[in-house]
Every structure is written in C-alpha cells, then in structure tokens.
Amino acid sequence: MSFNNLDTLYRQVIMDHYKNPRNRGTIEDEGSITVEMNNPTCGDRIDLQMKVEDGIVQDAKFEGEGCSISMASASMMTQTVTGKPVEDALKMSEIFSEMMLGKDIDEKEFNLDDMGDVQALQGVAKFPARIKCATLAWKAMEKGVDEEQ
Amino acid sequence: MNMAEVRKQFPILEQEVNGHPLVYLDSAATSQKPQVVIDAINDYYERNNSNVHRGVHTLGSRATEDYEGARDKVREFINASSIKEVVFVRGTTTAINLVASSYGRQNLSEGDEIVLTKMEHHSNIIPWQQVAKETGAKLKYLPLYEDGTISLDDVREAVTDRTKIVAVTHVSNVLGTINPIKEMAKIAHEHGAVIAVDGAQSVPHMKVDVQDLDVDFYAFSGHKMIGPTGIGVLYGKQSLLENMEPVEFGGEMIDFVHLYESTWKELPWKFEGGTPIIAGAVGLAAAIDFLNDVGLDEIEKHEHDVVQYAMEKMNEIDGMTIYGPDAQERAGLVTFNLAGVHPHDLATALDSLGIAVRAGHHCAQPLMRELEVAATARASFYLYNDKKDVDHLVEGLKKAKEYFGDVF
C-alpha cells in the first residue's frame, strides 16, 4: 500500500498553509465586511473578514474549521487577493473555479503566476469529492464583495 | 449460506478501486446489492412490467401479484399483524414526513410536546420542527450521556401527559447506540402518547418485531438492507392509520372521485398516491428473502464480532477517539477521529487505498455539536464485511497517520 497518488493532492505548499495558516484571525477595524459560509454536506466552515477601500482589498482574514484543503485554500486565497483590486480578485475566483473543473487556463489571457501559492491546488481537480473544500473560501470572498457592492 | 459465501453474492465488491481491492465500509449510508436482488429487478422489467391494481390483462395481474406479494413479505419480516399496516414509500425520510404531516398535524396543538433524542438523524428532527411550528407544539430533547446513550429515568421524567409523540431512532447512525424502544413505547403509552421510530439502521441488521416492541409507527429504507433505492416502508398501527388523512392525492389512492369531493381507498393504498414503486418493492422482496436465508440473528452476531474486533484494533492506534458505547452494546458501526488528521483528509487517503468510509456530519449536526466536533469519520459494517476488511482499514489508518504526520 502506498500513497503516491495522494501527493498530487497534498502538495508540500498546501500542507504548509494548513499548518501555518496566513491571515488567520480577525480584523479589528470597524469598516470591514464579515461573511460566514459553510459547506453543508461536510461541515467545513469559514468566517471571512475583508476590508475593501477604493476598490482595493486592503486586508483579508479568516477563522474557521475544516480539512487541510479548505483551510489551506482560505490561507492562500487571503494571501493572494490582499492588495489586489476587487475586479482582479473576482477574476481570480473565476479562474480558480475553472482550474477546479480541470479546464486549461489560457496563459496568454491570464498569468497563473499571479495566483501565487494558489496554483498548488490544481491537483484538487483530480479529486472531485474535494473540489468544494477548495472553493469554499473563494465563494465566501465573492459573497463578501457582493455584499460590499 | 455461510458468511464466507455471502460476500461472493455481491458483484460490486469484486472490483478494484484506485488500484486496490474495494473495501466497502459505508453500508450505513447505503448497502450493496446481491446478484439475486439485481436479477429480480431485471426480471420484473423483462417479463412482468405493467401498472398495478387496474389492468385486466395478464401482465397487470403479475405486476400486482409481485407488488402485493412484496408487501406481505415485509409484513411477515417485521411481524405486522396485517398488510393494511404496511405502506410503501420512497424511504425512511418520506415515511417520517408522512407521520409528521398527517398524524402530527391532526393530533398536535399548542402546548403539546414531542420528545426526541439528541442522536436523531436530520430526517427525524426537521419534520417534527416543521409540524411544531405549524401547530405550536414544542420539541423536548432527552439528555445524551458521555457514552452515547440515553437513560430510561430521563424518558420517564420527560414524557408527561403533554407528550403526544415520542420520536426516536432505534439505532444511531453515528454512535451505533441501540435505544430501548420497547421500554420507551411502554412509557409513551402510559401517558397516551404514540412512539414513532426511525428504523433505518436497525431493520437491516437485527430482528425487528413491531408487535413485540409495541411501536405505533416504524420507518425504514430498502436501500440500506441490500434492496434498491427509492423504496421504503412505513409501518403504522391500523387503528392509527385508519384515522389519518393521506398526504398525497391523485391516482391509485381514490375510491370515488366526484367533481367537488372524493373518497379514499382502504388501507394501505390510501397513502400510496400515483403509480407505486413496483420494481422497488420487487427488489425489496428479493432482499428480504436473501436476509432471511442468511438469518437476521446470524447477521447480527457476525456484525457484532466484526465491530468488536474493529474497536479493539482501532483503539490500539495512538490518537484514536471512538464515539459511542462499548462494543458489547453497539450496532455494527464505528465513528471516530484520528488526532492530527481531518476526517475528510482521512477519507481521501483511505479512498486512495480502495477503502470507502464516510466523513462529515452524517446528517446529525445537533449530535456533532453535542460531541463538540465539526466532523467525524465512520466505518460501517454489514453482512459482507469481515475481519480482513478491518485489517485493511487499520493498516490504512496507520498509513494515513504516518503520511499526514510526515507532511506536517
């Protein structure tokens, strides 16, 4: 018995984000938006806080509980969208959904390197049961932006 | 048929998953089907398919005989006193909803109480929440003890003359707890209440005699007892069913239809609006034959041996938490958490070794809160599982622990 195929899912960088989550915590600023989202089929839950000013995501922090994929994804997402214009963050969310469906991303249209560590989640596409774990944080971000606008 | 022969009758178990022989440990979610059940359904469609209760033609008679024959088989299986007490429905959820929407609405009013346990599946909580909202009745939960059991003293205290319904699962799908249904029925009856039992996790695994238990309603699903999906049973005492209004109206359930009002067929058909689940009933009858052939007592004993072995071996793993009562007092499933590995990650790791377990809240969110966990993993056993499956599971768990230990 071996777990060779698991390594495509549990990349080192993912486990690093799970073990040492970036942006875990709360924003002590009154002007921030809070979104709670859960995955009703499995019980994963994320509380995402974002501060958006002048159309830019100034800060993003999260609390929550869930599997390594959902928590690592939240860590990576907050890291990636912080400092980005809202429309870029939404575009990334769209690209991320396509990535999870296993679609090829046209690198002329979109530079995947802009996604930073998020790229490490590409392997999740091969584990259909886990896609919702990965997209939870991104859905929360979309909802937060939606409420802000 | 001995237990070694049993496994060979389930063709789906003969495959490899992710390069490993399939080890199916998710029968509490749904069971696999033996060849005879698959054949019975095929045979019905190939030779007898027709609508029931109406055609004068030969196929119509055969289909009716098959369908009503299945009902009588179910009656005998749970020892109901008459086929009038056996209503075919889609599954346990539909059966409980029927009781809540019909009996509940007719008999509950403001200030009445429905007594439940905290280990109920969502399908034995939400129908009661809904009917309570409509009628002004209140839900009252029995305390749950650390070992995953309830106490009859608490039942005696909670059930009062205000109690109209006691809604309880026979076997918990998470804890494996076997609840004292017979004693609870007696207490309910002393206060003029009825008892409605979720039998989804009991009927497939142990002998259930509805008359001996003296239950008023008892619900279960075909697909968890090696039968097909889409068929289930509501048992109800005739005296209660007689006075209940149907919840679905249309063809098949009527006696006379006039322009402004109609009358219903007699029991049990007044509750079976529309073309019934004929092939499902045929499959369920074949499943019952198979279970009887092996013997329910035999199955219960076998699962008990397997679960006892599983708990022993699993408890040897560092960081293992098992929820629910001791092996002596539980049904054939083990819900657990392994320190340092989230249950979803664990389930994915085991799946990559061909081992199918369930991870999540198991449709019991209130119970998860009670246990103070967001999610758990569950291995559930049935007549086709054996100790070798447990060995694979335990080896897989150790590997997973190692793997996630390494990546941390």
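Just so you know, all these numbers are worked out from the coordinates, no wet-lab data involved. Keep in mind it's a predicted model, so treat the numbers as computed, not measured. Ideal geometry is used to build each Cβ from the backbone, glycine not excepted, and the neighbour counts take in all protein chains shown.
For the reader, a short list of remarks on this structure follows.
- Pairs of alpha carbons in chain B separated by more than 37 Å make up 25% of all such pairs.
- The order of B:Thr163, B:Thr117, B:Thr229, B:Thr135, going from fewest to most other C-beta atoms within 10 Å of their C-beta, is B:Thr229, B:Thr135, B:Thr163, B:Thr117.
- The mean number of Cβ atoms from other chains found within 10 Å of a Cβ in peptide B:341-353 is 6, as a whole number.
- Among A:Asp88, B:Asp147, B:Asp216, the ranking by other beta carbons within 10 Å of each residue's beta carbon, starting with the fewest, stands as B:Asp147, A:Asp88, B:Asp216.
- Partner aspartates and glutamates whose Cα lies under 18 Å from the Cα of B:Lys186, excluding those fewer than 8 positions away in the same chain, are identified as B:Glu113, B:Asp153, B:Asp154, B:Glu157, B:Asp161, B:Asp198, B:Asp209, B:Asp212, B:Asp214, B:Asp216.
- Pairwise label distance in nanometres, B:Glu68 with B:Glu300, each label 7 Å out on the Cα-Cβ vector: 3.3 nm
- Fraction of C-alpha pairs exceeding 18 angstrom in region B:294-347: 38 percent, rounded to a whole number.
- Förster radius 30 Å - calculated FRET efficiency between B:Lys133 and B:Glu261, Cβ distance, rounded to 0.05: 0.55
- Region B:31-173, relative contact order in percent, only Cα pairs under 8 angstrom and at least six apart counted: 19 percent
- Straight Cα distances below 17 angstrom link A:Lys108 to the aspartates and glutamates A:Asp88, A:Glu94, A:Glu98, with same-chain residues fewer than 8 positions distant left out.
- With the convex hull constructed from alpha-carbon coordinates only, the protein assembly as shown shows a mean projected area of 30.1 nm² over all directions.
- Ranked packing of B:387-393, A:57-63, A:36-42, most packed first, by mean Cβ within 10 Å: A:57-63, B:387-393, A:36-42
- Straight-distance crosslink candidates among aspartates and glutamates, where the alpha carbon sits under 16 Å from B:Lys398 and sequence neighbours closer than 8 are dropped: B:Glu312, B:Glu316, B:Asp318, B:Asp345, B:Asp351, B:Asp389, B:Asp406
- Region B:1-97: trypsin sites (Lys or Arg not before Pro) in DSSP loop, at most 15 other beta carbons within 10 Å: B:Arg54
- Exposure proxy for B:Asp26, B:Asp198, A:Asp104, A:Asp7: other Cβ atoms within 10 Å of each Cβ, ordered fewest to most, give A:Asp104, A:Asp7, B:Asp26, B:Asp198.
- Too-long pairs where the Cα-Cα distance tops 31 Å, listed order kept, from B:Lys73/B:Lys118; A:Lys143/B:Lys118; B:Lys73/B:Lys140; A:Lys126/B:Lys33; B:Lys164/B:Lys207; A:Lys132/B:Lys224: B:Lys73/B:Lys118; A:Lys143/B:Lys118; B:Lys73/B:Lys140
- In a DSSP loop and with at most 10 other Cβ atoms within 10 Å, there are no trypsin sites (Lys or Arg not before Pro) in region A:1-45.
- Measuring spread by the Cα atoms of region A:3-148 yields a radius of gyration and Dmax of 14.4, 47 Å.
- Peptide A:37-46 shows a mean partner chain C-beta count of 4 within 10 Å per residue C-beta.
- Counted charge near A:Leu136, where neighbours are those whose Cβ lies closer than 10 Å (Asp, Glu -1; Lys, Arg +1): +2
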